[in-house]
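Take a look at the structure below.
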Amino acid sequence: MARRRMRRALGLLAIVAVAGLAAVWMWSRSAMARDELRQWIERQAANTLDGTLTIGRVDGDIWHGLQLVDVRFTHAGREVARAGRIEAAYRLWPLLRGERTIGPIRVVDPVLRVRHADGRWDLAGWMRPRSPGGPPSVLDLPEIAIDNGRLETEAGDGVWRVPRVIDRITARLSVALGGETRVEIASLSAVAG
């Protein structure tokens with residue numbers, strides 16, 4: 001009799017667990033979940049970026065990868081970066097356990113607007129200063145593809161002789177952030193105008 005109750009209890013627990021997982025999986029694929037995720041990404045970006053990141057829409061699923069559509073970054077009252085779409089693949093479980101590797105990443109139709117004044121490019125001020133204490137966490141982006149990018153520059157008369165527009169940028173690179181920053185460019189092509 002006790003065994004029978006135990007089996008029923010375990011069976012009921014298994015049914016509840018499966019139903020709960022199914023509910024979480026279905027919720028994660030809903031528009032409401034993607035909107036919550038969009039807002040969370042924007043809040044997290046506010047901790048790192050000195051400006052406002054806005055995302056028009058999030059597609060995909062939280063388990064394997066996302067597509068951020070109509071991404072814009074505004075700094076000091078002007079739009080300095082935008083992308084038609086950013087696709088990022090990842091494995092959720094390792095991220096939750098603290099592994100900080102995301103990729104491959106594909107950035108489609110990005111536009112970057114930078115200014116050079118007082119001996120520096122303004123993009124250096126787009127990030128908030130890192131808070132002191134403890135070693136910096138490393139974010140590894142081993143495979144980034146940039147498709148149909150555009151760089152718009154405003155540089156005064158000085159040492160720099162940079163074209164005002166660099167268009168049709170296609171690049172394949174990898175980046176490691178935190179600690180020592182590393183950027184490796186596998187390929188790059190562009191047209192200066």
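Has segment 109-124 got any residue that is in contact with an Asp or Glu (Cβ under 9 Å, 6 or more places away or on another chain), part of a loop (DSSP other than H, G, I, E, B), under 25 Å from THR170 (Cα atoms) and modelled with pLDDT under 95? Checked against the condition, which is being in contact with an Asp or Glu (Cβ under 9 Å, 6 or more places away or on another chain), part of a loop (DSSP other than H, G, I, E, B), under 25 Å from THR170 (Cα atoms) and modelled with pLDDT under 95, segment 109-124 yields no hits at all.
Listed by first and then second residue, the pairs linking a residue in segment 182-193 that is without any contact (Cβ under 8 Å) to a residue 24 or more places away in the chain to a residue that is outside any strand (DSSP E or B) and loosely packed, with under 11 Cβ neighbours inside 10 Å, with Cβ atoms under 6 Å apart and 6 or more places separating them unless they lie on different chains, form an empty list. Within segment 129-148, residues that are open to solvent by 80 Å² or more (accessible area, probe 1.4 Å) and at pLDDT below 70 have Cβ atoms under 8 Å from residues that are assigned to a strand (DSSP E or B) and of a type in the set (S, T, N, Q) in no pair, counting only partners at least 6 apart in sequence or on another chain. Scan segment 168-186 for residues that are modelled with pLDDT of 95 or more and either not aliphatic (A, V, I, L, M) or not in a strand (DSSP E or B) (or both) and the total you get is 3.
The values are calculated or read from the model by the stated rules, or taken from the named source; none is laboratory data. These numbers were taken from a predicted model, which means no experiment stands behind them. Virtual Cβ from ideal backbone geometry, glycine too; neighbours counted across all protein chains shown. Surface accessibility is based on the protein's heavy atoms, side chains included, excluding ligands, DNA and RNA. Shrake-Rupley method; radii C 1.70, N 1.55, O 1.52, S 1.80 Å.
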